[in-house]
Amino acid sequence: MTTAIPVTTDSLLGNVPKLDIKGANWAIFSLRFQTAVKAKELWSHFDGTSPCPAMAEKRKYGETLTTQRIPDSTALRVHSLNSIAAMWNEIVCEYTEKGAYAQTDLRTKFLNLQCPIDGDIHQFLDDLCTKRDELAAIGVQIEEKDYCSTIIQSLPKYLASFASGQLATAHLYSPTQTIDPDVLISLIIEESKRRSRKETRHARSKAKNRDGDEAMSLTPGNSFGRGRGNGRNGSQGGSSRGYARQRGPCWNCGSREHYKAQCPDPDKKKETPPAVTKGSTHAVTFDSDEEGAFSVHPLEELDDEVPL
């Protein structure tokens with residue numbers, strides 16, 4: 001003796017999604033809806049094989065199931081039709097066309113995705129993988145070849161070149177196989193992290209060198225640069241490039257605290273030259289400490305005792 005399974009509820013299962021008004025999820029909605037209705041033994045009323053339900057109760061359940069997860073505008077339009085099969089056929093005709101257009105649009109947008117400039121590569125690739133799964137859930141299938149192409153064209157140039165090189169190397173070893181997209185994503189993320197660490201070290205080294213140059217150039221009493229004469233630590237000869245030199249003396253007073261232009265003492269250059277002593281053959285006076293020049297003043301009288 002067999003026992004028929006009664007229809008105990010007029011509600012659809014929770015895994016049947018709400019039908020999008022643009023038809024983007026029509027493929028998954030249609031699949032889940034048919035599975036749920038068949039479980040209630042009512043699908044024959046939807047496909048037209050049993051146009052007249054044996055009981056009015058079953059017809060009521062069928063109409064309720066049909067209008068539960070569809071947009072309100074669609075429910076109002078199909079509610080006046082005279083059979084469950086006619087209602088379902090109207091829904092199929094409308095959303096098959098809408099779904100094809102919506103899925104094409106979603107696929108195109110996915111294939112044209114681009115990582116933002118200075119964006120997080122790791123986060124972008126994770127989001128790309130999630131987006132592919134979401135599209136598959138509504139019936140939009142992205143083939144593995146298209147997925148790899150999308151990954152490469154969405155990346156910055158240096159990472160796109162790296163990914164292309166990995167695929168080319170894999171094809172060289174095995175022309176009939178390729179790298180799995182998830183493996184390719186892992187390789188790209190590792191390369192991105194390695195490059196980021198390299199750039200960070202380079203920036204720190206550059207900043208350290210710049211700070212050292214500034215500190216050396218600001219040291220009191222020192223000069224930084226290339227010169228001739230004194231070498232390191234005041235040694236004679238050689239080049240002093242990159243080493244500090246001692247301040248030169250003032251040519252007026254000899255102090256190393258300032259130069260002649262800032263000297264507070266009277267300018268010795270302008271003082272009266274010493275008198276010439278009678279009887280000497282010549283007298284030498286220094287005209288300038290700065291130039292190191294001298295002059296010879298002729299004597300007005302010659303001593304008779306001095307032999308010529």
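The values are calculated or read from the model by the stated rules, or taken from the named source; none is laboratory data. The structure presented is a predicted model; accordingly, all values stated were derived computationally and were not measured. So basically every Cβ, Gly included, is an ideal-geometry build from the backbone, and we count neighbours across all protein chains shown.
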Quiz item: Would you say residue 103 is in contact with a Gly (Cβ under 7 Å, 6 or more places away or on another chain) and under 22 Å from residue 148 (Cβ atoms)?
Solution: yes
Residues in segment 194-222 that are within 30 Å of residue 146 (Cα to Cα) and at pLDDT below 90 total 2
For segment 108-123, pairs from a residue that is under 17 Å from residue 136 (Cα atoms) to a residue that is among the basic types (Lys, Arg) and assigned to a loop (DSSP other than H, G, I, E, B), with Cβ under 8 Å and 6 or more apart or across chains, are none
Expected output for segment 143-170 (first residue within 24 Å of residue 106 (Cβ to Cβ), partner basic (Lys, Arg), Cβ below 9 Å, 6+ apart or cross-chain) is 146/107; 147/132; 150/132
